[in-house]
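Engineer: Take this structure first; my questions come after.
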Amino acid sequence: LRKVLFPSTRNRRDAAEALKNTRWAQPALFTVGYALAQLWTSWGIRPAAMIGHSIGEYVAATLAGVMSLEDALRLIARRGRLISELPRGSMLAVLSPVEALAPFVKSPVSIAAVNAPGFAVLSGPDAAMARLERELEKARIPARHLHTSHAFHSSMMDPMLAEFEQEVSGIKLSKPERPFVSTLTGLWAGNEVTEPQYWSRQVRRAVRFSDAMQTLFATRE
């Protein structure tokens, strides 16, 4: 990871290419997020609550004491490797309320994330997503491709879920000691994050970031 994140001038192109592979991208995302959180903590900044988007939720869970750093790194490395071995797919960021996308979301396309009111991400096989992009263009719904290697949070993740859940079963999971909001449920994380099934569902189901943010806003008010 050091070579990928801090390459020499000569190796920058190779490092950038490596980060296109989710096998390296996922551990890199986790490592940078965790390191940043520790840096802020060293400055005396303590979070009242936490939230993390997809891989970022592992950072929040680790900081909350749900899993040890060593186990989190092990899971993220396995997660990235398993996904990297799956067929590639595509993702589209769509400027539309998720409810209005119902006519377009047909198997094998999945809703991968709802990041804000009026902003969703769709995910699926390349051919299906290419057709979807043309349909959205005809409907005058703005959409653009995301630079991803796979169709994350879609049915294309299904083949790796059982093996990943088995991996999660081998580590100790504890109830959160610090509050964080689950982007799987959109609610405060509780005992459910101590179940291996939670983390396999977190790979497959949509990231409910908008709902999770609303939960945080409601608490602040």
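The values are calculated or read from the model by the stated rules, or taken from the named source; none is laboratory data. Just so we're clear, the structure is a prediction, and the values are computed from it rather than from any experiment. Virtual Cβ from ideal backbone geometry, glycine too; neighbours counted across all protein chains shown. Calculation scope for accessible area: heavy atoms of the full protein, side chains included, ligands and nucleic acids excluded. Shrake-Rupley method; radii C 1.70, N 1.55, O 1.52, S 1.80 Å.
Engineer: Using only protein heavy atoms and a 1.4 Å probe, report how much of MET50 is accessible, in Å² to the nearest 10.
Structural biologist: For MET50, solvent-accessible area is about 20 Å².
Engineer: Another question about this same structure. Which of the trypsin sites (Lys or Arg not before Pro) found in segment 63-98 are loop residues per DSSP with 14 or fewer other Cβ atoms within 10 Å of their Cβ?
Structural biologist: Passing both the DSSP loop test and the Cβ count: ARG88.
Engineer: Do any trypsin sites (Lys or Arg not before Pro) in segment 126-182 lie in a loop, going by DSSP, with at most 15 other beta-carbon atoms within 10 Å of their beta carbon, and if so which?
Structural biologist: ARG140, LYS172
Engineer: Taking Cα centroids, how far is segment 98-138 from segment 149-178 in Å?
Structural biologist: If we compute the Cα centre of each part, the gap is 23 Å.
Engineer: Also, quick follow-up: Need the full-extension length gain, SER8 to LEU161, defined as separation in residues times 0.36 nm minus the C-alpha distance. One decimal, nm.
Structural biologist: 51.4 nm
Engineer: For an R0 of 22 angstrom, estimate the FRET efficiency from the Cβ-Cβ distance between GLU177 and SER42 and round to the nearest 0.05.
Structural biologist: 0.70
Engineer: Also: If ligands, DNA and RNA are left out, what is the accessible area of GLU163 with a 1.4 Å probe, given in Å² to the nearest 10?
Structural biologist: 80 Å²
Engineer: Okay, moving on. Dividing the alpha-carbon Rg of segment 138-179 by 2.2 N^0.38 Å yields what? Before the final figure, lay out each step's value.
Structural biologist: Values: Rg = 17.4 Å, N = 42, 2.2 N^0.38 = 9.1 Å.
Ratio of Cα Rg to 2.2 N^0.38 Å: 1.91.
Engineer: Per residue of the chain, what 222 nm ellipticity follows from adding -39500 (n - 2.57) for every DSSP H run with n ≥ 4, rounded to the nearest 500?
Structural biologist: Value at 222 nm, helices only, nearest 500: -14500 deg cm²/dmol.
Engineer: For the chain, what percent of Cα pairs sit more than 24 Å apart?
Structural biologist: On the way: 11373 of 24310 pairs.
More than 24 Å apart: 47 percent of the Cα pairs in the chain.
Engineer: Can you order the peptides 94-100, 9-15, 106-112 by their average number of other Cβ atoms within 10 Å per residue, highest first?
Structural biologist: 106-112, 94-100, 9-15
Engineer: Set the Förster distance to 25 Å, then compute FRET efficiency between ARG140 and LEU86 from the Cβ-Cβ distance, nearest 0.05.
Structural biologist: Efficiency computed from Cβ-Cβ geometry: 0.15.
Engineer: Using +1 at the C-beta of Lys and Arg and -1 at the C-beta of Asp and Glu, which of VAL181, ASN11, VAL168 has the Cα lying farthest in the positive direction of the dipole of the chain?
Structural biologist: ASN11
Engineer: Run the dipole for segment 101-169 about the Cα centre, Lys and Arg Cβ at +1, Asp and Glu Cβ at -1, nothing else charged, and hand back the magnitude in debye, nearest 20.
Structural biologist: Dipole of segment 101-169, to the nearest 20 debye: 540 debye.
Engineer: Right, something else. Once Lys and Arg get +1 and Asp and Glu get -1 on their Cβ, which of ILE51, GLY89, SER68 lies farthest toward the positive end of the dipole of the chain?
Structural biologist: Result: GLY89, furthest along the dipole toward the positive end.
Engineer: Just how large is the dipole of the chain about the Cα centre, in debye to the nearest 20, putting +1 at every Lys and Arg Cβ and -1 at every Asp and Glu Cβ?
Structural biologist: Values: 27 positive and 20 negative charges, 134 e Å.
Value, rounded to 20: 640 debye.
Engineer: Provide the per residue accessible area, probe 1.4 Å, for the chain, rounded to a whole number of square angstrom.
Structural biologist: Accessible area per residue: 54 Å².
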